[in-house]
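Shown next, in structure tokens, is the structure this report addresses.
The values are calculated or read from the model by the stated rules, or taken from the named source; none is laboratory data. None of the values given here were measured: they were computed from a predicted structure. Using ideal geometry, Cβ is built from the backbone for each residue, glycine included, and neighbour counts are taken over all protein chains shown. For the accessible areas, the whole protein counts, side chains as well, though only heavy atoms, and no ligand, DNA or RNA atoms are used. Shrake-Rupley method; radii C 1.70, N 1.55, O 1.52, S 1.80 Å.
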Amino acid sequence: MTIEQLKSSGISWRHGAWEYGGRGGQPMWPGGAPGCRDACNKDPGCYHWVFDCKDWGCKLYSNGGYEEDGSKQFGRDYCFLGDID
């Protein structure tokens, strides 16, 4: 469902996570990953968003920090990472 929502909305993403520069988080049901992207776009200090399918959580991040890959070992293959539009 989430991958299809992202594709049909034309939202660029990849599996992975962002480390450091957190701006907070929120539950994102029923909005899912597209809702998380929208929340980031509405926040002028947000540069990256991560939607975690394990807990339906959305986390927003500033410009600092770095990207983590979509490693299955750490569960990041269940996380959708995107950047501001």
Item to complete: With θ set to phi - 60°, apply the Karplus curve 6.51 cos²θ - 1.76 cosθ + 1.60 along the range 23-40 and write out the HN-Hα couplings as whole Hz, x wherever there is a Gly or Pro.
Response: 10, x, x, 7, x, 10, 10, x, x, x, 4, x, x, 5, 4, 4, 4, 5
Fill in: Residue-by-residue Karplus 3J(HN,Hα) for the range 60-74, coefficients 6.51, -1.76, 1.60, Hz, glycine and proline x
10, 9, 7, 6, x, x, 8, 8, 10, 6, x, 4, 5, 4, 9
Fill in: FRET efficiency for Ser9 and Asp69, using Cβ-Cβ distance with R0 set to 30 Å, rounded to 0.05
0.80
Worksheet entry | Furthest towards positive pole of dipole, Cys40, Gln73, Cys53, structure part the chain, Cβ charges | Cys53
Worksheet item: How much net charge surrounds Asp83 when only the other residues with a Cβ under 10 Å from the Cβ of Asp83 are counted, with Lys and Arg +1 and Asp and Glu -1?
Response: 0
Fill in: Cα-centre dipole for the chain with unit charges at Cβ (Lys and Arg positive, Asp and Glu negative), debye to 20
120
Practice prompt. Could you point to the residue in Ser62, Gly21, Ser9 farthest towards the positive end of the chain's charge dipole, with +1 and -1 charges on the Cβ of Lys/Arg and Asp/Glu respectively?
Written response: Ser9
Discussion item. Per DSSP helix of 4 or more residues, -39500 (n - 2.57); summed, then divided by the residues of the chain. What does that give at 222 nm, rounded to the nearest 500?
Written reply: -6500 deg cm²/dmol
Worksheet item: Just one of [x] 14.5, 48; [y] 12.5, 36; [z] 11.4, 33 is Rg and Dmax of the Cα atoms in Å as worked out from the coordinates here. Which one is it?
Response: [z]
Worksheet item: Over the range 17-81, what is the mean sequence separation of C-alpha contacts under 8 Å (at least six apart), divided by residue count, expressed as relative contact order in percent?
Response: 43
Response to the item:
Under a 1.4 Å probe, counting only protein heavy atoms, Arg14 has an accessible area in Å², nearest 10, of 70
